[in-house]
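To start, the structure itself, in structure tokens.
Values quoted throughout were computed directly from the atomic coordinates according to the rules given, and no laboratory measurement underlies them. These numbers were taken from a predicted model, which means no experiment stands behind them. Cβ placement follows ideal geometry from the backbone for every residue including glycine, while neighbour counts extend to all protein chains displayed.
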Amino acid sequence: MSIKIIIADDHAITLEGLKTVIGRQDGRVEIVGEASNGEETLKLAEQVKADIYVLDIFMPGLNGIETAIELKHRDKNAKIIMLSMHSGQAMVEKAMRAGAHGYVLKDKGAEEIINAIYEVNSGRYYLSPEISGLMVNTMLGKGVDTKTSALGPLSSREREILRLIVLGMSGREIATKLGLSANTVHAHRNSIMRKLDLHKQTELVCYAVKEGIIQL
């Protein structure tokens with residue numbers, strides 16, 4: 001069964017780029033509808049069954065966030081990926097608050113959108129790596145009550161290593177920065193993933209949003 005998506009974007013270049021990449025997915029992803037604004041998207045949603053909605057945030061008429069809110073109102077299980085040129089924290093938080101399962105920066109190209117589609121279709125969340133780093137810094141550095149939050153099981157050292165992992169540092173780089181052995185960093189990483197039951201760096205941020213650790 002292919003993953004059926006509806007794309008809403010008023011930029012032809014974005015649509016054509018995504019179509020090209022989807023054409024290389026051997027039928028695993030299928031575009032079942034295209035729209036250039038929120039109103040068209042909502043009409044399509046009534047006519048065509050889609051697994052995922054890929055929405056540009058800035059569209060004429062109903063924007064992506066307003067469209068996402070209405071889609072979630074109609075179907076709380078609707079899966080939504082937001083596309084945007086903006087990586088500002090306020091915009092990302094607003095999108096996640098509206099019910100988005102993914103947030104992808106347009107300048108990263110259609111390949112990353114495909115990655116997001118597969119992740120979201122599997123029931124996970126996806127954020128572009130740059131956004132992950134920004135949001136995890138917020139999660140770990142601003143007013144998080146670690147005694148009551150879902151990060152409670154982590155030690156202070158594990159939280160420090162977690163931040164560096166999500167910022168993209170390798171185990172060797174973390175070891176050098178913190179004056180630890182590579183084996184010690186590896187052990188801490190395994191402990192973090194086990195305690196939080198997570199397996200990918202992008203899942204860390206999305207877990208924090210889902211659990212309310214990041215206050216939106």
Counting other C-beta atoms within 10 Å, which of Leu55, Leu198, Leu62 has the fewest, and how do the rest follow? Leu198, Leu62, Leu55
Taking a quarter of the surface of the Cα convex hull of the range 3-127, what do you get in nm²? 6.5
Check Leu62: other-chain or 5+ apart residues with amide H under 5 Å from its amide H, H built from backbone geometry? Gly38, Glu39
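Decide, for the range 47-86, between rounded, prolate and oblate: order the square roots of the alpha carbon gyration tensor eigenvalues as a ≥ b ≥ c, take rounded if a/c falls under 1.5, and otherwise choose prolate if a/b is larger than b/c, else oblate. Provide the component values of the computation, followed by the final result.
Working: a/c = 1.90, a/b = 1.60, b/c = 1.19.
Taking the square roots of the gyration eigenvalues as a ≥ b ≥ c, the range 47-86 is prolate.
Could you list Lys43, Lys76 in order of exposure, starting from the residue whose Cβ has the fewest other Cβ atoms within 10 Å? Numbers along the way, then the final one.
On the way: Lys43 12, Lys76 8.
Going from sparsest to densest Cβ surroundings: Lys76, Lys43.
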Order of Leu127, Leu162 under a 10 Å beta carbon neighbour criterion, fewest first: Leu162, Leu127
From the phi of every residue in the range 11-22, what ³J(HN,Hα) in whole Hz does the Karplus formula 6.51 cos²θ - 1.76 cosθ + 1.60 yield, where θ is phi - 60° and glycine or proline is x? 9, 4, 5, 4, 4, 5, x, 5, 4, 4, 5, 4
Provide the FRET efficiency to the nearest 0.05 for the Val21-His86 pair, computing r from the beta carbons and using R0 = 22 Å. 0.50
In nanometres, what is the gap between the two model label sites at Met193 and Ser2, each 7 Å from Cα along Cα-to-Cβ? 3.4
